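Below you'll find the structure, written out as structure tokens, and then a few comments.
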Amino acid sequence: MDECIPQDRAPRDFCAKFPEEIRHDNLAGQLWFGAECLAAGSIIMNRELESMAMRPLAKELTRSLEDVRSALRDQALRDLNTYTEKMREALRHFDVLFAEFELSYVSAMVPVKSPREYYVQQEVIVLFCETVERALDFGYLTQDMIDDYEPALMFSIPRLAIV
């Protein structure tokens, strides 16, 4: 996919929301195993509702991989140096489905913040930054207090933000 459709890849910005312990090199293999198991009728332990909700996507994903394999077989019998539109389209479709399945599956397994939660967190961060900047301007704080992570200061920043 990196060679055939480098600019047409499905966005994976959502991966930034995954906990650090989830993001590793074997994630794609684990996701694929999960998709095959779900498509075959298995249920994720203690996640029956999520499993039932993801099953149609898992089935479509496995079908999409078969389409990619078929396109690759046809491609291998013809010209290895060019990519047909059929091949590109099969890869695009698979990539979109895989990205969608990745988000669904990981979200079912670990808590992933919603866009609303991230927005609220960013608002609080901006409020705290503006509060510290304003407190520095008025002389309520010194840069040394901030640099030393003064405990009293760390507790007072939220109070300053409210005031």
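The values are calculated or read from the model by the stated rules, or taken from the named source; none is laboratory data. Fair warning: this is a prediction, and the values are worked out from it, not measured in the lab. Note that we place each Cβ from the backbone using ideal geometry, even for glycine, and neighbour counts take in every protein chain shown. The accessibility values were calculated without ligands, DNA or RNA, using every heavy atom of the protein model including side chains. Shrake-Rupley method; radii C 1.70, N 1.55, O 1.52, S 1.80 Å.
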Please specify each residue of the stretch 85-110 satisfying the condition of being free of Cβ contacts under 8 Å to residues at least 40 places away in the same chain and open to solvent by 50 Å² or more (accessible area, probe 1.4 Å).
GLU85, LYS86, GLU89, HIS93, SER107
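Okay, residues lined up against (1) modelled with pLDDT under 80; (2) outside the structural domain of ALA28 (by the TED database):
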{"residue": "TYR83", "(1), (2)": "no, no"}
{"residue": "GLU89", "(1), (2)": "no, no"}
{"residue": "PHE98", "(1), (2)": "no, no"}
{"residue": "PHE101", "(1), (2)": "no, no"}
{"residue": "TYR105", "(1), (2)": "no, no"}
{"residue": "VAL126", "(1), (2)": "no, yes"}
{"residue": "THR131", "(1), (2)": "no, yes"}
{"residue": "ASP144", "(1), (2)": "no, yes"}
{"residue": "ALA152", "(1), (2)": "yes, yes"}
Of the conditions (1) of a type in the set (A, V, I, L, M); (2) outside the structural domain of ALA58 (by the TED database); (3) under 13 Å from the mean Cα position of the chain (by Cα), VAL120 fails just one. Which one is it?
(3)
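Quick one: which residue in ASP74, ASP25 is open to solvent by 90 Å² or more (accessible area, probe 1.4 Å) and at pLDDT below 90? Write out each step before concluding.
On the way: ASP74 fails: open to solvent by 90 Å² or more (accessible area, probe 1.4 Å).
The match here is ASP25.
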Please go through the stretch 118-161 and give me each residue that is of a type in the set (Asp, Glu) and either surrounded by fewer than 12 Cβ atoms within 10 Å (Cβ to Cβ) or closer than 30 Å to ASP13 by Cα (or both), ordered by number.
GLU123, GLU130, GLU133, ASP137, ASP144, ASP147, ASP148
Just one of (1) closer than 25 Å to MET87 by Cα; (2) open to solvent by less than 70 Å² (accessible area, probe 1.4 Å); (3) in contact (Cβ under 8 Å) with a residue 24 or more places away in the chain trips up ALA39, so point out which.
(3)
Which of (1) surrounded by 14 or more Cβ atoms within 10 Å (Cβ to Cβ); (2) more than 14 Å from the chain's Cα centre (by Cα) is the odd one out, the single condition ASP79 does not satisfy?
(1)
